[in-house]
Amino acid sequence: EILYCEADHNYTRIFTSPEKPVLVSVNLAVVEEMLQTGSFLRISRSILINSRFLTTVHRRNKTCTLTSQGKEIVLPASAEMIKKL
């Protein structure tokens with residue numbers, strides 16, 4: 001199950017666990033189209049998260065926290081997307 005996806009130029013790192021990403025040779029926009037739109041949120045230009053793992057939105061420091069397997073993952077979010085969450 002996908003936790004989040006992170007853009008890396010024309011590639012995308014797909015994280016299914018906090019430590020082990022899988023690198024795919026398509027950009028984040030293509031990955032976003034393939035995934036269920038209701039479950040995934042774009043929190044910045046380069047990060048797409050699975051909303052089922054979202055535990056906290058920190059408006060002051062513009063971050064989102066995901067929790068999986070007892071570990072917290074803090075990701076930066078754009079100010080524009082923080083307003084929508």
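The values are calculated or read from the model by the stated rules, or taken from the named source; none is laboratory data. Since the model is a prediction, treat every value here as computed from it, not as a measurement. Here Cβ is always computed from backbone atoms with ideal geometry, including for glycine, and neighbour counts include all displayed protein chains. Keep in mind that these areas ignore ligands, DNA and RNA; they rest on the heavy atoms of the full protein, side chains included. Shrake-Rupley method; radii C 1.70, N 1.55, O 1.52, S 1.80 Å.
Residues of region 63-72 being in contact with a strand residue (DSSP E or B) (Cβ under 7 Å, 6 or more places away or on another chain) and either in a helix (DSSP H, G or I) or surrounded by 17 or more Cβ atoms within 10 Å (Cβ to Cβ) (or both), which ones? Can you show your working first?
Here is the first cut: in region 63-72, the ones in contact with a strand residue (DSSP E or B) (Cβ under 7 Å, 6 or more places away or on another chain) are 63-67, 72.
Within region 63-72, CYS64, LEU66 qualify.
In region 9-21, which residues are at pLDDT below 95 and surrounded by fewer than 17 Cβ atoms within 10 Å (Cβ to Cβ)? If you could, list the steps in order and put the result at the bottom.
Here is the first cut: in region 9-21, the ones at pLDDT below 95 are 9-10, 16-21.
Result: HIS9, ASN10, THR16, SER17, PRO18, GLU19, LYS20.
List the residue pairs whose Cβ atoms are under 6 Å apart, where the first residue sits in region 56-85 and is at positive phi and free of Cβ contacts under 8 Å to residues at least 24 places away in the same chain, the second is part of a loop (DSSP other than H, G, I, E, B) and open to solvent by less than 40 Å² (accessible area, probe 1.4 Å), and the two are 6 or more positions apart or on different chains.
Partner pairs satisfying both residue conditions: LYS62/ALA77.
How many residues does region 3-21 contain that are in a loop (DSSP other than H, G, I, E, B), more than 20 Å from MET81 (Cα to Cα) and of a type outside the set (S, T, N, Q)? It would help to see each step written out before you state the result.
Taking region 3-21 as the starting set, the residues that turn out to be in a loop (DSSP other than H, G, I, E, B) are 3, 9-10, 16-20.
With the extra rule that they be more than 20 Å from MET81 (Cα to Cα), the set shrinks to 9-10, 16-20.
Among the residues that remain, those that are also of a type outside the set (S, T, N, Q) are: 9, 18-20.
Matching residues across region 3-21 total 4.
Looking only at region 22-38, how many residues end up being surrounded by fewer than 12 Cβ atoms within 10 Å (Cβ to Cβ), touching a strand residue (DSSP E or B) at 6+ places or on another chain (Cβ under 9 Å) and assigned to a loop (DSSP other than H, G, I, E, B)?
1
ARG52 - would you say it is part of a helix (DSSP H, G or I) and either in contact (Cβ under 8 Å) with a residue 12 or more places away in the chain or surrounded by 14 or more Cβ atoms within 10 Å (Cβ to Cβ) (or both)? Before you say what the answer is, go through the steps one by one.
Values: part of a helix (DSSP H, G or I): yes; either in contact (Cβ under 8 Å) with a residue 12 or more places away in the chain or surrounded by 14 or more Cβ atoms within 10 Å (Cβ to Cβ) (or both): yes.
Taking the combined requirement at face value, the residue satisfies it.
What about LEU75, is it assigned to a strand (DSSP E or B), over 17 Å from LYS20 (Cβ atoms) and under 9 Å from the mean Cα position of the chain (by Cα)? Before you say what the answer is, go through the steps one by one.
Values: assigned to a strand (DSSP E or B): yes; over 17 Å from LYS20 (Cβ atoms): no; under 9 Å from the mean Cα position of the chain (by Cα): yes.
Spelling it out, it is not the case that LEU75 is assigned to a strand (DSSP E or B), over 17 Å from LYS20 (Cβ atoms) and under 9 Å from the mean Cα position of the chain (by Cα).
Can you pull out the residues in region 39-49 that are open to solvent by less than 50 Å² (accessible area, probe 1.4 Å) and under 19 Å from THR67 (Cα atoms)? I'd like the intermediate steps shown before the answer.
If we filter region 39-49 for residues that are open to solvent by less than 50 Å² (accessible area, probe 1.4 Å), which is where we start, we get 39-40, 43-44, 46-49.
Once the filter is applied, which keeps residues that are open to solvent by less than 50 Å² (accessible area, probe 1.4 Å) and under 19 Å from THR67 (Cα atoms), region 39-49 yields SER39, PHE40, ILE43, SER44, ILE47, LEU48, ILE49.
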